[in-house]
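Chemist: Shown below is the structure under consideration.
The values are calculated or read from the model by the stated rules, or taken from the named source; none is laboratory data. Note that the coordinates shown come from a computational prediction; the quantities given were computed from them, not determined experimentally. Cβ sites come from the backbone with ideal geometry, for glycine too, and all protein chains shown count toward neighbours.
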Amino acid sequence: MKKIILVGYMGSGKTTVGKKLNQNLNIDFIDLDEFIEQKEGLKMAKIFKRKGEIYFRKQENIWLNQLLKENKSLIISLGGGTPCYANNHLRLQDENVISFYLKASIETLVSRLKQNSDRPLLENIDDLNSFVGQHVLERSYFYNFSKYKIDVNNKEVDDICLEISSIIQNNN
């Protein structure tokens, strides 16, 4: 069973695209961050504060590996940092995985992130442009293990989903 994995920095549209793909393709969608929040009974910000980032990253690895073993097709959006820890980036190349890097410019990401303040890693950040730019630079190595790169700048969600759906069709 194929696993469709969406990768990218926070604000790149992974969850939004995943939900739309779920509607279009009728394949179950799991946002890994939300999935872990449900398992822990805590919001991500509380998990980070109470148990620490390392604990959270271990949970990401455990649950990602579990979901990849599921005997059904799934659409999974990973947290922005998930590919960067515990060799998770190598899973993007698995035979049963079709992985997509939703690539957005720093300007696009900053604009979207300013609209959503519920991001634990962004608390107490003074220069968001520099922070995001540095993070994307550090993480792009891992994101680029994705089999496909999708430029999401100035594109509607429906257009992004059509592009992804076309690639999925060609992989069946």
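Chemist: Determine, yes or no, whether residue 29 is within 16 Å of the chain's Cα centre (by Cα) and of a type in the set (Phe, Trp, Tyr).
Modeler: yes
Chemist: Further, regarding this structure: Is it fair to say residue 72 is touching a strand residue (DSSP E or B) at 6+ places or on another chain (Cβ under 7 Å), surrounded by fewer than 19 Cβ atoms within 10 Å (Cβ to Cβ) and at pLDDT 95 or above?
Modeler: no
Chemist: Show me the helices (runs of 4 or more DSSP H) found entirely inside region 77-172 where at least 3 residues are at pLDDT below 95 and either surrounded by 13 or more Cβ atoms within 10 Å (Cβ to Cβ) or in contact with a helix residue (DSSP H, G or I) (Cβ under 9 Å, 6 or more places away or on another chain) (or both). It would help to see each step written out before you state the result.
Modeler: Working: elements: 88-91, 106-114, 128-143, 157-170.
Correct list: 106-114, 128-143.
Chemist: May I ask you to list the residues in region 44-54 that are in contact with a helix residue (DSSP H, G or I) (Cβ under 7 Å, 6 or more places away or on another chain) and free of Cβ contacts under 8 Å to residues at least 24 places away in the same chain?
Modeler: 47, the sole residue that qualifies.
For every residue, the table says whether it meets (1) without any contact (Cβ under 8 Å) to a residue 24 or more places away in the chain; (2) among the charged types (D, E, K, R).
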residue	(1), (2)
2	no, yes
11	no, no
18	no, no
29	no, no
39	no, yes
62	yes, no
67	no, no
70	no, yes
73	no, no
